[in-house]
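The next block holds one structure in the form of structure tokens; read it before the comments.
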Amino acid sequence: MKVNASVSIKLTQLGLLIDKRLCLSNVEKIAGVASSKNIFLWIDMENAPYTEDTIDVYLDIFNRFGNAGIAIQANLKRSENDVKRIAAEGGIIRLVKGAYSEKKDIAFSRRSEVTKNFSKLMGYLFYKSAFFAVATHDEQLINEAIEANKVHKKRIEFQMLMGVREELKRRLV
């Protein structure tokens with residue numbers, strides 16, 4: 001039986017807190033099996049102390065296997081540079097607002113700032129990425145993505161948590 005599936009992983013569950021090389025070795029095994037089965041691998045982003053290592057591991061995996069994407073959080077001030085770095089290597093991004101409470105010096109604290117940054121990053125992806133995921137329940141941002149895609153005609157995917165905004169999901173389909 002063939003299943004259209006993807007897998008999401010968190011690197012701290014795969015050894016990142018112990019050793020970055022150990023983590024990479026574990027992710028390589030998962031990415032290899034996923035690639036052989038034509039399963040897409042999403043690497044979730046965790047809180048800010050792990051951002052740099054997560055991106056490094058992702059880019060290593062992406063450049064070797066190609067079947068992977070990474071979540072980038074719009075609430076972090078560094079995310080614009082991260083998006084540019086990943087897009088420059090052809091990487092695939094799942095743009096999220098961010099669920100972790102972070103320090104004000106590294107993250108936007110107001111919801112309106114996060115939304116504004118999400119919009120900015122999404123706009124960049126429309127110009128620089130062949131495929132990306134818009135992972136939000138924010139109808140304003142979803143509508144913005146729909147309108148932008150009428151011009152850019154990119155391959156985008158809307159992603160939402162199970163059980164949240166079910167009526168919106170049905171309308172999108």
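The values are calculated or read from the model by the stated rules, or taken from the named source; none is laboratory data. None of the values given here were measured: they were computed from a predicted structure. Counting neighbours? That spans all protein chains shown, and the Cβs are built from the backbone with ideal geometry, glycine included. With ligands, DNA and RNA removed, areas are computed over all heavy atoms of the protein, side chains included. Shrake-Rupley method; radii C 1.70, N 1.55, O 1.52, S 1.80 Å.
Per-structure values
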| quantity | calculated |
| --- | --- |
| Candidate values [x] 22; [y] 34; [z] 49, label of the one derived for percent of Cα pairs over 28 Å apart | [x] |
| Heavy-atom surface of the chain, accessible at 1.4 Å and reported per residue (Å²) | 56 |
| Residue (of PHE132, ILE72, CYS23) at the positive-pole extreme of the chain, dipole from beta-carbon charges | PHE132 |
| Share of carbon and sulfur in the accessible heavy-atom surface of the chain [1.4 Å probe, %] | 53 |
| Estimated 222 nm signal from helices in the chain, with DSSP H stretches of n ≥ 4 weighted -39500 (n - 2.57), rounded to 500 | -15000 deg cm²/dmol |
| Extended-chain gain in nm, criterion 0.36 nm per residue less alpha-carbon gap, PHE40 and LYS120 | 26.2 nm |
| Loop-resident sites, the range 48-136, for GluC sites (Glu not before Pro), counting at most 15 other Cβ within 10 Å (DSSP) | GLU89 |
| DSSP beta bridges in the chain [antiparallel fraction, %, rounded to 5] | 5 |
| Fully extended contour minus Cα-Cα distance, from ILE146 to LEU17, at 0.36 nm per residue | 42.6 nm |
| Inter-centroid distance (Cα atoms) of the range 147-173 relative to the range 1-43, Å | 25 |
